[in-house]
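The values are calculated or read from the model by the stated rules, or taken from the named source; none is laboratory data. In this text the structure is predicted, and so the values were computed from the model without any measurement. Don't worry about glycine lacking a Cβ; one is built from the backbone with ideal geometry, like all the others, and counts go over all protein chains shown. Heads up: the accessible areas ignore ligands, DNA and RNA and are worked out on the full protein's heavy atoms, side chains in. Shrake-Rupley method; radii C 1.70, N 1.55, O 1.52, S 1.80 Å.
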Amino acid sequence: MLPVSLRELATRLGAELVGDGDVEITGAAGLEHAASGDITFVTRAALLPKLAACEASAVIVGADVEPDRPALRVEDPYRTFARLLAALAAPLDRLFPPEVHPTAVVHPEAEVADGVALGPCAVVGAGCRIATGSRLGAHVVLEPDVEVGADCLLYANTVVRERCRLGDRVILHPGCVVGADGFGYLPGPKGLSKIPQVGIVIVEDDVELGAGTCIDRATTGTTTVGTGSKLDNLVQVGHNVTIGEHSVFSAQTGISGSCSIGRGVTMGGQVGLADHVRVGDGAKVGAKSGIHKDVPDGGIVFGYPALDIRESHRIAAALRKLPELVRRVGRLEKAGGQDEE
Amino acid sequence: MLPVSLRELATRLGAELVGDGDVEITGAAGLEHAASGDITFVTRAALLPKLAACEASAVIVGADVEPDRPALRVEDPYRTFARLLAALAAPLDRLFPPEVHPTAVVHPEAEVADGVALGPCAVVGAGCRIATGSRLGAHVVLEPDVEVGADCLLYANTVVRERCRLGDRVILHPGCVVGADGFGYLPGPKGLSKIPQVGIVIVEDDVELGAGTCIDRATTGTTTVGTGSKLDNLVQVGHNVTIGEHSVFSAQTGISGSCSIGRGVTMGGQVGLADHVRVGDGAKVGAKSGIHKDVPDGGIVFGYPALDIRESHRIAAALRKLPELVRRVGRLEKAGGQDEE
Amino acid sequence: MLPVSLRELATRLGAELVGDGDVEITGAAGLEHAASGDITFVTRAALLPKLAACEASAVIVGADVEPDRPALRVEDPYRTFARLLAALAAPLDRLFPPEVHPTAVVHPEAEVADGVALGPCAVVGAGCRIATGSRLGAHVVLEPDVEVGADCLLYANTVVRERCRLGDRVILHPGCVVGADGFGYLPGPKGLSKIPQVGIVIVEDDVELGAGTCIDRATTGTTTVGTGSKLDNLVQVGHNVTIGEHSVFSAQTGISGSCSIGRGVTMGGQVGLADHVRVGDGAKVGAKSGIHKDVPDGGIVFGYPALDIRESHRIAAALRKLPELVRRVGRLEKAGGQDEE
């Protein structure tokens, strides 16, 4: 899409041109990185001072912002900017060349649709099925009987264990592991004995799992990541967890076994959940919270142990008064003739 | 073992048959996933209402539970159920075909016992020794001079660095890293200089290490994970740590360098230990605790910073009264004619 | 360098010989692991009792310590010991044989300098450039257009995504991922839509990144890890983060998007930072802290939420008095004729 004149870009993006349409746009970048030749974007008037200090040649703005340079006016500047970024991304054919690399190892009993791309040393086990348009990077390993839907992207060094299923348009980032054994043991006379983990993982459509993220298979039945959910890097999801649709977990969060997470749930980073906890639809969990009891639909919790966020903030504020409070109580006791202890 | 009649299953498992022995059992699943044809299990009478709502065709119960459908009565229902699960698991020969894959790269100076399975692109370095019955998945990398005992399972993409040693029946899940350099530097005029990490890791018999878990090699000497210990996913163990036998760490826990963890220790998820801490035999550490001083044998601690769990719970309860306590002290001061500050 | 007589070792290390120079030194180990034949080291007199219990044949000491056995006296015992360890480490040529392994997959459009070592199944994408002296282990994947400086070590199973750049002498430990997509989405009518992440990661000279550590690429512009910084295992760095020179992060720490970390910053393990936080030069952040606002240059903070460490310690001390404080306030109210609530 680039380089292109601002006038031409306005046409292609369906935007209103403001100012000089002859400016040539060679790139796109956020306010903090944009240089001459770039187009940037501003979502609200409060950012205009930052824009003034930015060397971008043009800016994408909304209805309520008056730009200080040639601009495109659109309804949703960030969304329009994201469309531009897509045009700047490395083409998929460069990242995942449209071929089956000669070093890929495909089991004769696997079904790989036409047009599936397999990178160097990718391994597709017996009984696997990969639908059209999916691309597996270098060293991706599908253990036997895995199903991969259409138009998935599996980056280098991801592993999907036996019988797990990915929907359509799933993205797995490097080092992601789907379907490792859940963590289950029975105590016995000679130590712990392993409870076989014979369930699977189902990753539904449009899910994205970050680098190093691990989703354990169920003991029996399924661990499920619901449609459209996005999990950042190094997230842990235990066996038999159910995650609803369109939920978002930030990095390094951990969900213990058999938790049930609703639709549209947001979790900050490094959150931890005890096992068998239910988090309701639309709930929000603050970063680093430790959850050991259910969170209702729409609940907003924070802290360790986590409480309703308003109570948690009141306690945090009161805590800063605590050392002085100890002294104040001592003075009261002295004034009242009481011993401190 | 399945499908089979319930009567035949009773015989094979040494269980007492209760009710109709002709029911055909085609699978096994927990209460929440079991469907018609499955056998499930119930460990205590309190779960009978859940059983009533479950479509399982049969149930495994103990002496004290009266089943509402055809059943097997045994001493330990969960243990019997686990035996059944083992029969349902994918056969090892499907997950780790009993062969040396032609793409495996075995150094001519490595000693690989007969019957060892090596997956596609597995790499066995110079001087490695692998004992009989062990199976390495696709893309497993053994750096030079690694020793692997008998009947180990190393899943895809695990890495064991040079000279480290695994005992017998060790399981490494995908992406596990054994023997990366410990984190040690000396400050100097041009920044930090690396302290070479020349020790090793010893992983003893029957240890299981989760997906993405990292055990660092010692600076000198050994980092040790004791017999039968089980570490969940994304756990970090620093250099020169010693973990005793039969200890269990949940996911995302981190043990800093030179800690000494006893036998039979249980740690929840996301626990963190400062360096050089000693945790005594049989101690229990609550999830997300931050430990910066020793925990005695049998100690039960929780919190950040961690305290004895009873004190920790008393403080957590008192914290919820703190905002009101601040107001109460203000009222007392006013009543006594004292200024609040 | 070993085995060698202590006299000869003194000469090679430029140390003063104390006692019998004929002792043969066959290894080197810390106080807790040293055995007969080893040389160990002691940094301060307080460790002499531990030395007395150690079977080392010789010891490296500083000016202020009187050894109880043959010794080398030097200015900085730990630094001298580290020099010895380097001599004991496995030779690089054993870990990374100086060759391009025949199973390595090098794109014809990549530029690989003479003398670069590529391990089994290493993958070098189109447009990559690798400078002299760098060594890539087994299964390392460089996506297209990656630049690797001179004398880098990339251990097995590391992944560097497209267009990212590593400086000279960078070390990536197994499973490290550089340049996965940042975590950015826009809400929309059909769920979240992905914001393309078209920026890169720049890892400057002398940086070391631990096993399983993930550094996300920028949305636009760069995520930067500054010269000489060291990140331990399983660390997460979000998109558009800037880390200054010579900063040190312990394991499992997570830095959210767009944070700015100064020079010489030290973070303990399992620290978490909210997005857009600035941490000033030389700041120190205690283990497991949760940071949601800026930390000034030289600041020392601790806790969740993090506070100045002195305040944080005062609060932690006062917390242990809180349950009793609740009772004391109750007694005061009773004495004053007030109802407790």
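Points worth noting:
- Taking all protein chains as shown and a probe of 1.4 angstrom, residue C:60 keeps an accessible surface of around 0 Å².
- Alpha-carbon centroids, segment C:16-74 and segment B:211-274: separation in whole Å: 30 Å
- Between the beta carbons of residue C:266 and residue B:22, assuming R0 = 56 Å, the FRET efficiency works out to 0.20 to the nearest 0.05.
- Eigen-decomposition of the gyration tensor built on the alpha-carbon atoms of chain A gives equivalent ellipsoid semi-axes of 42, 39, 15 angstrom, largest listed first.
- Calculated FRET value between residue B:68 and residue B:4, using beta carbons and R₀ = 25 Å, to 0.05: 0.70
- Descending Cα extents along the principal axes, segment B:1-149, whole Å: 62, 26, 25
- Taking Cα centre as origin and charging only the Cβ of basic (Lys, Arg, +1) and acidic (Asp, Glu, -1) residues, the dipole magnitude of chain B rounds to 1140 debye.
- Scaled against 2.2 N^0.38 Å for its residue count N, the alpha carbon radius of gyration of the protein assembly as shown is 0.98.
- To put it simply, the accessible area of the protein assembly as shown at a 1.4 Å probe is 51 percent carbon and sulfur.
- Label zone of residue A:331 (point 7 Å out along Cα→Cβ, amide N under 17 Å): in segment B:299-341 this covers B:326-341.
- For the residues of A:104-117, the average number of beta carbons from a partner chain within 10 Å of their own beta carbon is 1.
- Members of A:230/A:284; C:230/C:288; B:288/C:230; A:321/B:321 lying beyond 21 Å, as alpha-carbon distances in this model show: B:288/C:230
- Only Lys, Arg, Asp and Glu carry charge here, each on its Cβ (+1 for the first two, -1 for the last two); on that basis the protein assembly as shown has a dipole of about 2640 debye about its Cα centre.
- 3J(HN,Hα) along segment C:111-126, derived from phi through the Karplus expression 6.51 cos²θ - 1.76 cosθ + 1.60 where θ = phi - 60°, amounts to 10, 10, 5, 4, x, 6, 9, 10, x, x, 6, 4, 10, 10, x, 4 Hz, with x in place of Gly and Pro.
- Neighbouring partner chain Cβ atoms per residue of B:59-72, average, 10 Å criterion: 0
- In summary, the aspartates and glutamates within cross-link reach of residue C:50, defined as a Cα separation below 13 angstrom excluding same-chain residues under 8 places away, comprise C:32, C:68.
- Full-stretch length increase - residue C:43, residue C:132 - with 0.36 nm per residue and alpha-carbon distance subtracted: 28.2 nm
- Convex hull volume of the C-alpha atoms in segment B:25-76, normalised per residue: 64 Å³.
- Long-range Cα-Cα pairs in segment C:257-326 (distance over 13 Å), rounded percent: 63 percent
- Cβ-derived FRET efficiency at R0 45 Å, residue B:90 paired with residue C:50, nearest 0.05: 0.30
- The listed peptides B:23-35, A:15-27, ordered by packing as a protection proxy, come out as B:23-35, A:15-27 (highest mean of other Cβ atoms within 10 Å first).
- Calculated log₁₀ intensity ratio I(q)/I(0) where the Debye formula runs over C-alpha points of segment C:192-285, q = 0.12, 0.19 Å⁻¹: -0.31, -0.78
- Shielding by partners for peptide C:91-103, expressed as the average number of C-beta atoms from other protein chains within 10 Å of each residue's C-beta, is 2.
- Backbone amide hydrogens, once placed in the peptide plane, bring residue B:5 within less than 5 Å of B:25, excluding anything fewer than 5 places away on its chain.
- Estimated purely from DSSP H runs of n ≥ 4, each contributing -39500 (n - 2.57), the mean residue ellipticity at 222 nm for the protein assembly as shown is -4500 deg cm²/dmol once divided by its residues.
- Rounded, prolate or oblate (a/c below 1.5 giving rounded, otherwise prolate when a/b exceeds b/c) for segment B:209-341 by Cα gyration tensor: prolate
- Taking other residues whose beta carbon is less than 11 angstrom from the beta carbon of residue C:149, and scoring Lys, Arg as +1 and Asp, Glu as -1, yields -3.
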